[in-house]
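Student: My questions will all concern the structure given below.
The values are calculated or read from the model by the stated rules, or taken from the named source; none is laboratory data. Small disclaimer: the values here were computed from a predicted structure and weren't measured. Glycine also receives a Cβ, built like all others from the backbone with ideal geometry; neighbour counts cover every protein chain displayed. The accessibility values were calculated without ligands, DNA or RNA, using every heavy atom of the protein model including side chains. Shrake-Rupley method; radii C 1.70, N 1.55, O 1.52, S 1.80 Å.
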Amino acid sequence: MNFNRLLKLTEINNNTTKNAHLIINNTFVLQESLDKLTFGERIDWDYKHHVSPNTYQLYLHSLMPISFLSNAFELTNDVSYLEKAIEIVKNWARFERTDNENKFIWYDHTSAYRTHNLIYLYLCLGDNISLYPELNELIIKHAEFLYSDKYYRKNNHGIMMDRALIQSGVVFNYQKSDNWINKGLFRLKDNFYHSYSSRGIHLENSPEYHLVVQNLFISIEDFLLKYNLSLGSEIVDKFEQIEDYYSYILKPDGFLPLIGDSSRKK
């Protein structure tokens, strides 16, 4: 598999094997900027962080350790990283079957990210899929969740859902793959026109969301082109207009104004 054609949530870097070894020893890396979570034999899927409980729940249920372990396998070809990833996914799947209280299990953002990480694991397994054949059904379950309009909202989370749905379609060989791709493309285009004004301004009234959503659409178009797909010239031609907005919104020091929930961004 050419992993360069995959849209991954983490990339190989100088910390790849270090992070993977921590996870193998039950110290979970969720994002390199977040605290590491040390569990014993039992993973606490209801873990509440003392400062940012929602953030840690989001990345925990996104199964971000799977992406770090898959990075390490891609770098080293060491199957022990895949075995640990499978152990974590199985643990989460058992929790999902028995818990009806945790809102982050089937949340739009976590489900989209988790789908990316499950597909990355699926591709890493390759001929070793016999180590966890149930992964096929788990990916299909996620794709069907993302496909349903019941859970879809026309915002950045919806864009994440469509991105993961399309990746499921182009990577996972399944009878409904074309439906997943077509649905994702249709909703993305609709979401684009719902998100931006005719002058290329993101309408959520927070300057940082203009940047976040812009990066999402650019990354999606770059990914689509690898599979001879596209958002279409009508949308891609708007990218320059979206970029021009910064000449109006930026402060003289080059930072975004702290409007809404924007953070300090250069």
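Student: I'd like to verify a number: residues in the range 155-182 that are among the charged types (D, E, K, R), surrounded by fewer than 21 Cβ atoms within 10 Å (Cβ to Cβ) and modelled with pLDDT of 95 or more, how many?
Tutor: Here the count works out to 1.
Student: Another one. Can you name every residue in the range 25-34 that is closer than 22 Å to HIS116 by Cα, surrounded by fewer than 18 Cβ atoms within 10 Å (Cβ to Cβ) and either at pLDDT 95 or above or more than 17 Å from the chain's Cα centre (by Cα) (or both)?
Tutor: ASN26, THR27, GLN31, LEU34
Student: When you go through LEU118, LEU135, LEU125, LEU146 one by one, which is the residue that is of a type in the set (A, V, I, L, M), farther than 18 Å from LEU216 by Cβ and either within 14 Å of the chain's Cα centre (by Cα) or at pLDDT below 95 (or both)?
Tutor: One residue alone meets the criteria, LEU118.
Student: Can you find a residue that is surrounded by 14 or more Cβ atoms within 10 Å (Cβ to Cβ), over 20 Å from GLU11 (Cα atoms) and not aromatic (Phe, Trp, Tyr) anywhere in the range 60-81?
Tutor: no
Student: Of the conditions (1) outside any helix (DSSP H, G or I); (2) under 21 Å from GLY158 (Cα atoms); (3) open to solvent by 10 Å² or more (accessible area, probe 1.4 Å); (4) modelled with pLDDT of 95 or more, SER198 clears all except one; give me its number.
Tutor: (4)
Student: Tell me, which residue of the range 201-222 that is in contact (Cβ under 8 Å) with a residue 40 or more places away in the chain and assigned to a loop (DSSP other than H, G, I, E, B) is surrounded by the fewest Cβ atoms within 10 Å (Cβ to Cβ)?
Tutor: In this case the residue turns out to be ASN205.
Student: Return the total of residues in the range 124-147 being under 13 Å from ALA112 (Cβ atoms) and either touching a His at 6+ places or on another chain (Cβ under 8 Å) or not in a helix (DSSP H, G or I) (or both).
Tutor: Result for the range 124-147: 0.
Student: A follow-up question, please. Could you list, in sequence order, the residues of the range 124-139 that are more than 16 Å from HIS61 (Cα to Cα) and surrounded by 18 or more Cβ atoms within 10 Å (Cβ to Cβ)?
Tutor: CYS124, LEU125, TYR132, LEU135
Student: Now, a different point. Which is in contact with a Lys or Arg (Cβ under 9 Å, 6 or more places away or on another chain), farther than 22 Å from ASN128 by Cα and hydroxyl-bearing (Ser, Thr, Tyr), of SER33, SER62, SER67, SER52?
Tutor: Being in contact with a Lys or Arg (Cβ under 9 Å, 6 or more places away or on another chain), farther than 22 Å from ASN128 by Cα and hydroxyl-bearing (Ser, Thr, Tyr) holds for just one of SER33, SER62, SER67, SER52, which is SER62.
Student: Kindly provide the set of residues from the range 223-264 that are outside any helix (DSSP H, G or I), surrounded by 14 or more Cβ atoms within 10 Å (Cβ to Cβ) and touching a Phe, Trp or Tyr at 6+ places or on another chain (Cβ under 9 Å), ordered by number.
Tutor: Correct list: LEU229, LEU231, LYS238, LEU256, SER262.
Student: To continue, here is another question. Can you find even one residue in the range 1-17 that is aromatic (Phe, Trp, Tyr), at pLDDT below 95 and open to solvent by less than 60 Å² (accessible area, probe 1.4 Å)?
Tutor: yes
Student: Search the range 223-236 for residues that are without any contact (Cβ under 8 Å) to a residue 12 or more places away in the chain and pair each with any residue that is outside any loop (DSSP other than H, G, I, E, B) and buried (at least 17 other Cβ atoms within 10 Å of the Cβ) when their beta-carbon atoms are under 7 Å apart and the residues are at least 6 apart or on different chains.
Tutor: From the range 223-236, the pairs are SER230/GLU221; SER230/LEU224.
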